[in-house]
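Quick notes on the structure that follows.
Computed from the coordinates by the stated procedures, all read-outs in this text should not be read as laboratory data. Keep in mind it's a predicted model, so treat the numbers as computed, not measured. Counting neighbours? That spans all protein chains shown, and the Cβs are built from the backbone with ideal geometry, glycine included.
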Amino acid sequence: MNFVKKQAFLAWKFYREQLLRLHLGCMLAFLAVCALSAVVLGLFAEQAQAIVESFMAEVQQSGLVDENGSISLAALFGNNLQATLTATVMGFVPFVFLPVFSLALNGAVIGAVLALSGAMGMQTGQMVLLGLLPHGIFEIPAIMLGVAMGLYLCRQMNGTLRKRPGTPRIEAVLPHLCRVAVFGVVPLLAAAAVIETFVTPLLLGLVM
């Protein structure tokens, strides 16, 4: 077994044993936040529009979209990777489980987009199917994996500070998280960036 295959195997083993259930829980929680936000903000169109406009302003400032409205593949990948790893790094702050805020924020933004599209007369089902699903099936699991790693890290920090028996040392956990990021998060975000850059605009053009 060469070095890369060994690292990939160790990443999968750690994910399966330590992160899988947490990752699935984050995915379910995220979908619940999306649905709840879409329903609630559907009743408050002005608030939904304000959230979407704030999000779009951040997108413009981040350099993801040029003057012609084209998406930069490298900038999109870099931005999503930074957001995902930030959610993980938040786990270094003990006790407060800060990565949850990343989950809630992302879910609320998507909920606002769905609510606003419905208020504008667009078919929400088409918006999900064409505008979110193609790249979202890669991007959302990647971001939620980052959140799950952050929650796992926070839990280990808590155990270390409380001197809970059996808690692994943080320096022993970090290599495993790095492997999962390299072999899990990065490929998923790369695939999502390619689809969102080249495929999603074409699909949205069919309904807009």
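Some values worked out for this structure:
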| item | result |
| --- | --- |
| Taking the convex hull of Cα positions in the stretch 82-206, its mean projected area over all directions (nm²) | 8.4 nm² |
| Ordering of 48-60, 27-39, 184-196 by packing [mean C-beta count within 10 Å, highest first] | 184-196, 27-39, 48-60 |
| Inter-part distance where the stretch 145-180 and the stretch 13-29 are each reduced to a Cα centre, Å | 14 Å |
| Check: the stretch 17-204 dipole with +1 on Lys, Arg Cβ and -1 on Asp, Glu Cβ, in debye | 1060 debye |
| Chain lengthening between F101 and E58 when straightened (0.36 nm per residue, less Cα-Cα) | 13.7 nm |
| Value of [θ]222 nm, deg cm²/dmol, for the chain, DSSP H segments ≥ 4, -39500 (n - 2.57) each, nearest 500 | -24000 deg cm²/dmol |
